[in-house]
1. Would you point out the residue of the stretch 196-218, among those that are closer than 23 Å to Arg247 by Cα and not aromatic (Phe, Trp, Tyr), that is surrounded by the fewest Cβ atoms within 10 Å (Cβ to Cβ)?
2. Could you grab me the full set of residues in the stretch 219-241 that are under 16 Å from Thr154 (Cα atoms) and crowded, with 20+ Cβ neighbours inside 10 Å?
3. Could you list all residues from the stretch 68-99 that are among the hydroxyl-bearing types (Ser, Thr, Tyr) and surrounded by 15 or more Cβ atoms within 10 Å (Cβ to Cβ)?
4. Could you check the stretch 137-215 for strands (runs of 3 or more DSSP E) lying wholly inside it with 3 or more residues that are in contact with a helix residue (DSSP H, G or I) (Cβ under 8 Å, 6 or more places away or on another chain) and not small (Gly, Ala, Ser)?
5. Could you tell me whether the stretch 109-120 includes any residue that is among the charged types (D, E, K, R), touching a Ser or Thr at 6+ places or on another chain (Cβ under 9 Å) and touching a residue at least 40 places away in the same chain (Cβ under 8 Å)?
Amino acid sequence: MAELWAQIGNARTDELGIHVLKVNRPVLAEVTDFREGLPFLPGSVLFNTPFGMKEITLECYVRYKDSGLTEVQQEREIAKLYSGEEVRIVLSDEEDVYYIGKISEGIMLERHTNVAKFTLTLLCQPFATEHTSARIEKKGQTSGADHAFQFVNTGTAYSECTVRITPGTDLNELALKVNESELHLKTVIPAGSEVIFNTESFSVQVNDKEHALDLYGEFPLVEPGENQVIISGNTQFNYDIKIEYSRRYL
């Protein structure tokens, strides 16, 4: 059986002489509630928080003789794992996804003769995200039977997405609806232009020019399971559409 490892930012445990014995990860992220007092109401109001953070622990050890380093030198190698900032984290038992997180606690070494044991505690955002993006490409017509189309997201959590639409007709308005969320762009859009809706950065571009002030509505997200997409405008038109997103898992 291959030895476990973790990559935390640019540092990888096995390259630092650190052996990972076990990875402990919760099946689901912690679910928490948030209360806030409002001046016009007695008591406080309960706000539901869908997902909290996910704590992952790694049970590790180092052998000083294996590395050829002194105890102090080896402990300095261990310290290279710590950045203080959120970074990408990849675990060898699920290399197809990454987490965003950081080491949340100090590293306390339990020293024995030539060996030191310790636990790495990683506080991560609740989702594991695939390294590669899923892509849907389609040609459609707003007046045809396929003006609405569906696709399936096999992830278990919502995902931000990038949607590229190229209309075949001059438009003054373009609308993108994914499930129940609908976003409208009201501006001159020449035929053949590339309109890019980015739901992660909350931005829209027409031929690389920002149009944030010409928007109204809600930026859509790709939901787990089946998603329905509807494209419309101020007139009927043909279009090419590309949707890219990274599947995410709780």
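What follows draws every value from the coordinates through simple rules; no lab data is involved. A quick note: this is a predicted structure, and the numbers were derived from the prediction, not measured. Note that each Cβ is placed from the backbone with ideal geometry, even for glycine, and that neighbours are counted across all protein chains shown.
1. The selected residue is Ser201.
2. Val222, Asn227
3. Passing the criteria: Tyr82, Ser92, Tyr98, Tyr99.
4. Numbers: elements: 148-153, 161-167, 171-178, 181-189, 195-198, 203-206.
Filter on the stretch 137-215 gives 181-189.
5. no
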